[in-house]
Amino acid sequence: MITMINSLEGKVAVVTGGSRGIGAGIVQRFAQLGAKVVFSYRSSEAEAQRIVDAIGSDQVIAIRSDASQMDDAQELVKRAVEAYGSIDILINNAGITKDNLMLRMTEDQWDDVINTNLKSVFNMTKSVLRTMLKQRSGSIINMGSVVGVFGNAGQANYAASKAGIIGFSKSIAKEVGSRGIRCNVVTPGFIRTEMTDALDEKTRDAYVSNIPLKDFGSVEDIAEICAFLGADGSRYITGQVISVCGGLNI
Ligand code: NDP
């Protein structure tokens with residue numbers, strides 16, 4: 001008999017920032033694989049509603065919720081548990097950039113990026129942990145970036161937030177591994193989304209020339225690794241940083 005170890009049938013996932021880009025790709029792939037999904041967005045209500053309409057409101061719920069705010073994170077988790085009874089997978093995907101060279105970077109640019117990208121991971125993980133501890137199972141997937149490993153001029157705030165996610169995730173993996181809860185980081189390279197569409201052609205070509213696979217990745221490439229890390233097929237993988245970057249990091 002073939003067992004579908006990478007099916008998400010019967011699982012409940014919470015995804016932050018699921019209205020656009022990588023998060024939207026994850027929501028769609030998870031629903032396709034049978035998961036029930038609750039996703040958050042900060043402002044793009046129309047995009048979020050389009051995703052709910054396309055998948056069906058019996059399988060996916062969109063909630064406006066600011067991941068950088070602890071109260072919002074707690075409310076999001078509460079509503080997910082009320083709707084579906086458990087949370088098996090948490091994907092901390094919400095993220096922003098506010099690039100500037102260090103001499104010009106404002107305190108607000110620093111705070112906004114750290115709060116949205118890193119404090120959100122603390123907020124959501126803390127909020128979801130009690131449920132996962134009770135279940136004695138769970139998979140937390142945090143969206144890092146290759147920039148968090150290598151650094152990038154003009155992105156000290158973003159790189160610090162993404163590097164912070166790696167230390168946080170390894171600590172959580174050690175703290176709750178004995179309770180059946182896993183925590184991993186996915187570090188995308190350049191992925192085609194609105195975030196990278198903002199690059200001019202010359203900059204994009206320069207980046208592509210440094211990628212061994214000579215292309216940007218797609219949101220589907222990231223959704224697929226998240227599906228694997230959420231499913232039981234990855235039950236022995238925790239505390240890892242998994243790059244999906246076309247070989248940019250070698
Ligand atoms: P997008 O800008 O396309 O989408 C970001 C998503 O996050 C949106 O759904 C947005 O909601 C949501 N969001 C932003 N701030 C908050 C908040 N405070 N609370 C809740 N939701 C929020 O980004 P990408 O899809 O490109 O990036 C997704 C993740 O992947 C980020 O963590 C990013 O750092 C990471 N990443 C992306 C790479 C790329 O090449 N694109 C490369 C490496 C990492 P709304 O629509 O309402 O604004």
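The values are calculated or read from the model by the stated rules, or taken from the named source; none is laboratory data. This is a predicted model, so every value here is computed, not measured. A quick note on method: Cβ atoms are made from the backbone with ideal geometry, for glycine too, and the neighbour counts reach across all protein chains shown. Calculation scope for accessible area: heavy atoms of the full protein, side chains included, ligands and nucleic acids excluded. Shrake-Rupley method; radii C 1.70, N 1.55, O 1.52, S 1.80 Å.
Enter the angle in degrees (range 0 to 90, nearest 10) between the Cα long axis of helix 70-84 and the first principal axis of the Cα atoms of the chain, meaning the one along which they spread out most.
For helix 70-84, the angle is close to 40 degrees.
Got a number for carbon plus sulfur as a percent of the chain's accessible area, 1.4 Å probe?
That share works out to 50 percent.
Among 34, 244, 86, whose Cα projects farthest towards the positive end of the dipole of the chain, with charges put on the beta-carbon of Lys, Arg (+1) and Asp, Glu (-1)?
With unit charges placed on the Cβ atoms, the residue in question is 86.
In deg cm²/dmol, rounded to 500, what helix-only [θ] at 222 nm does the chain give when every DSSP H run of at least 4 residues adds -39500 (n - 2.57) and the total is split over its residues? Walk me through the numbers before you get to the answer.
Values: 10 runs with 112 residues, N = 250.
Computed ellipticity for the chain at 222 nm equals -13500 deg cm²/dmol.
State whether the range 96-215 is rounded, prolate or oblate according to the following rule on the C-alpha gyration tensor (a ≥ b ≥ c being the square roots of its eigenvalues): a/c under 1.5 gives rounded; otherwise a/b larger than b/c gives prolate, and the remaining case gives oblate.
Values: a/c = 2.72, a/b = 1.71, b/c = 1.59.
Taking the square roots of the gyration eigenvalues as a ≥ b ≥ c, the range 96-215 is prolate.
I want to check a number: in the chain, how many lysine pairs have alpha carbons closer than 14 Å, given a sequence separation of 8 or more or different chains?
Numbers: 11/36; 78/126; 98/162; 119/162; 126/134; 162/170.
Lysine pair count for the chain: 6.
Looking at the range 1-73, which GluC sites (Glu not before Pro) are in a loop (DSSP not H, G, I, E or B) and have at most 11 other Cβ atoms within 10 Å? Walk me through the numbers before you get to the answer.
Values: sites: 9, 45, 47; in loops: 9.
Answer in residue order: 9.
Assign unit charges at the C-beta atoms only (+1 for Lys and Arg, -1 for Asp and Glu), then state the dipole size of the chain relative to its Cα centre in Debye, rounded to the nearest 20. Present the calculation step by step, with values, prior to reporting the outcome.
Values: 26 positive and 27 negative charges, 189 e Å.
Roughly 900 debye for the chain.
For the range 112-141, which trypsin sites (Lys or Arg not before Pro) are in a loop by DSSP, counting at most 12 other Cβ atoms within 10 Å? Don't skip to the answer; put the middle values down first.
Numbers: sites: 119, 126, 130, 134, 136; in loops: 136.
For trypsin sites (Lys or Arg not before Pro) across the range 112-141 that sit outside H, G, I, E and B with at most 12 neighbouring Cβ atoms in 10 Å, the list reads 136.
So what is the relative contact order of the range 78-151, in percent, for Cα pairs below 8 Å that sit 6 or more residues apart?
Details: 56 pairs, mean separation 34.1, N = 74.
So the answer I get is 46 percent.
Between the alpha-carbon centers of the range 1-54 and the range 228-250, tell me the distance in whole angstrom.
So the two Cα centres are separated by 19 Å.
What is the extension gain from residue 210 to residue 235, computed as 0.36 nm multiplied by their sequence separation minus the C-alpha to C-alpha distance, in nm to one decimal? Working shown, then result.
Values: separation 25, 0.36 × 25 = 9.00 nm, distance 3.37 nm.
Extra length available between residue 210 and residue 235 comes to 5.6 nm.
Given 0.36 nm per residue, what is the gain on full extension from residue 137 to residue 199 after removing their alpha carbon distance, in nm?
Details: separation 62, 0.36 × 62 = 22.32 nm, distance 4.03 nm.
That pair, residue 137 and residue 199, stretches by 18.3 nm at full extension.
Solvent-accessible area per residue for the chain at a 1.4 Å probe radius, Å²? Numbers along the way, then the final one.
Details: 12380 Å² over 250 residues.
For the chain, the solvent-accessible area averages 50 Å² per residue.
Given the protein chains as shown and a 1.4 Å probe, how many square angstrom of residue 41 are accessible, to the nearest 10?
20 Å²
I'd like to compare 172-178, 184-190, 87-93, 74-80: which one has the highest average count of other Cβ atoms within 10 Å, and what's the full order after that? Write down the numbers at each step before the final one.
Details: 172-178: 15.3, 184-190: 24.1, 87-93: 26.7, 74-80: 19.0.
Those peptides, ordered most packed to least, come out 87-93, 184-190, 74-80, 172-178.
Please compute the contact order of the chain in relative form: average sequence separation of alpha-carbon pairs under 8 Å and at least six residues apart, divided by the residue count, as a percent.
Working: 495 pairs, mean separation 51.1, N = 250.
Over the chain, the number comes to 20 percent.
I'd like the orientation of helix 156-176 relative to the chain: the angle between its Cα long axis and the longest Cα principal axis, in ° from 0 to 90, rounded to 10.
With both axes taken from Cα atoms, the answer is about 30 degrees.
Report the dimensions of the chain along its three principal axes from the alpha-carbon atoms, largest first, rounded to Å.
Principal-axis extents of the chain (Cα, largest first): 49, 43, 39 Å.
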